[in-house]
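Remarks on the structure that follows.
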Amino acid sequence: MNINDVLNKLREAGEKAFVPYIMAGDGGMEKLKENIRFLDEVGASILEIGIPFSDPVADGPTIQRAGKRALDNGTTLESIFQALTEVRPQVEVPFVLMTYLNPVLAFGVERFVERCQGAGVSGIIVPDLPYEEKNIVSDALERVGIALIPLVTLTSPIERIAKITEEAQGFIYAVTVTGVTGARRDFAQSQFDYLRRVKEVAHLPVLAGFGISTPEQVREMGDVCDGVVVGSRIIELLEQERYEEIRELIGS
C-alpha cells in the first residue's frame, strides 16, 4: 500500500497513524533491513527512514549520533537504496525518506528519484528545502508519483501553512517544537492549539512530530491530529534492543 491508502484505511477505521523514524546505516545495512521487518511486523503505519548527513540542522543529539554512526559505517545513498530494494518485497509498510537537500543534489535529482522509485519509496521529506524552491525536486517526484511531504512549524503564519498545505501530497508533517528533534517532557496548550489550526486548513492528514516519546504523548497528540512521528525514542529503544517497549509505544 502507498501513503494515501494507509492513511485512508486508518481514517475509515477511526485509528491514528504511528510513524517510527530510523536512521539508515546505523548498525549496518543488515540491521536496517532487520529493523524495517520488525517495525512492519509490530504495526508501523508508515516508516520514515533517515539519510545520514554531516550537517543535520534539524536533528537533536540522539539522531545526530545515529547519523554519525551510520556515516562512520561507510553508509552511502547507493547502499541504502540497495538495502531498501532488497527488503521492499518482504514488507507492506510504505517508505518515506527523510533527507537534507545536499545529498540529493550531490547524487543527482533525477537519479535520486529513479532510485527511490526502484526501491518502492512512497514519499520524501526534505527539511531544509524552502517551499519556494520545492520545484528543485517536486517536478521529478511528481512524474513518478512520489509525494513531497511538507513540514509546517509553530512559527509559520497560518496563511503560509494554508498555502503550503494546499499543494501538499501524502500528509502534513506538523513540527510540534521550536528547535531540533528529541524527546520532550511535556507539551503546552499552545502546541495543541497550533495542531488544531493546521487541521482546520489542511485537506490531508496531519501528523505531529518532534519531541514525542511516551505512550501518553502519542495519545494526547492523536486526540487533536491524525497520528504521530516518533524518532529519537525509537532510535534509543532499537539501540538498546528494548523491542517490547517499541511494540507498546506503537500500540498506544
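The values are calculated or read from the model by the stated rules, or taken from the named source; none is laboratory data. All values derive from a computational prediction rather than experimental measurement. Glycine also receives a Cβ, built like all others from the backbone with ideal geometry; neighbour counts cover every protein chain displayed. For the accessible areas, the whole protein counts, side chains as well, though only heavy atoms, and no ligand, DNA or RNA atoms are used. Shrake-Rupley method; radii C 1.70, N 1.55, O 1.52, S 1.80 Å.
Can you compute the helix-only [θ] at 222 nm over the chain? Use -39500 (n - 2.57) per DSSP H run of at least 4 residues, normalise by all residues, nearest 500 deg cm²/dmol. It would help to have the intermediate numbers written out before the result.
Values: 12 runs with 120 residues, N = 252.
Only helices count here, giving -14000 deg cm²/dmol.
To the nearest 0.05, what FRET efficiency results for V57 and I136 with a Förster distance of 22 Å applied to their C-beta separation? Working shown, then result.
Numbers: r = 17 Å, r/R0 = 0.79.
My answer for the efficiency is 0.80.
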> Any idea of the accessible area per residue across the chain, 1.4 Å probe, to the nearest Å²?
Replying inline: 44
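With +1 on each Lys and Arg Cβ and -1 on each Asp and Glu Cβ, how big is the dipole of the chain about its Cα centre, in debye rounded to the nearest 20?
Numbers: 25 positive and 38 negative charges, 33 e Å.
Using only the charged Cβ atoms, the result is roughly 160 debye.
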> Once fully extended, how much extra length lies between R143 and E245, figured as 0.36 nm per residue of separation less the alpha-carbon to alpha-carbon distance?
Replying inline: 32.8 nm
> Cα atoms only, the stretch 94-184: Rg and Dmax in Å?
Replying inline: 13.4, 38
> When the chain is modelled as a GNM with alpha-carbon springs shorter than 10 Å, which of V109, V121, V96 fluctuates the most?
Replying inline: V109
> So which residue, out of Q82, Q217, Q189, gets the largest mean-square fluctuation from a GNM of the chain using Cα contacts under 10 Å as springs?
Replying inline: Q189
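Between E166 and Q90, what length comes free when the chain is fully extended (0.36 nm per residue of separation minus the Cα-Cα distance, one decimal in nm)? Don't skip to the answer; put the middle values down first.
Values: separation 76, 0.36 × 76 = 27.36 nm, distance 3.44 nm.
Separation in residues times 0.36 nm, less the Cα-Cα distance, equals 23.9 nm.
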> One-quarter of the Cα convex hull surface for the stretch 133-241, in nm²?
Replying inline: 7.9
>> Starting from the 7 Å offset along Cα-to-Cβ, what nm value, one decimal, do you get for the label separation of A188 and R11?
In response: 3.1
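When the accessible area of the chain is split by element with a 1.4 Å probe, what percent falls to carbon and sulfur?
Values: 5170 of 11210 Å².
Of all accessible area on the chain, carbon and sulfur atoms account for 46 percent.
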> If the stretch 60-215 were replaced by its equivalent ellipsoid, with semi-axes equal to the square roots of 5 times the Cα gyration tensor eigenvalues, what would those be, largest first, whole Å?
Replying inline: 27, 20, 15
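From the Cα trace of the stretch 40-83, what convex hull volume per residue do you get, rounded to a whole Å³? If you can, show how the numbers build up before the last one.
On the way: hull volume 4.6 nm³, N = 44.
In the stretch 40-83, the Cα convex hull volume per residue is 105 Å³.
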> Over the heavy atoms of F53, what accessible area does a 1.4 Å probe trace out, to the nearest 10 Å²?
Replying inline: 40
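Per residue Cα convex hull volume for the stretch 1-94, in cubic angstrom? Before the final figure, lay out the partial values.
Working: hull volume 9.8 nm³, N = 94.
About 105 Å³ per residue, rounded to a whole number.
Applying 1/(1 + (r/R0)^6) with R0 = 30 Å to the Cβ-Cβ distance of E34 and I158, what FRET efficiency is obtained, to the nearest 0.05?
Details: r = 42 Å, r/R0 = 1.41.
With R0 = 30 Å, the Cβ-Cβ based efficiency is 0.10.
Add +1 for every Lys or Arg and -1 for every Asp or Glu among the other residues with Cβ under 10 Å from the Cβ of N73, and state the total.
On the way: positive: K31, K68, R69; negative: D26, D72.
Around N73, the charge tally is +1.
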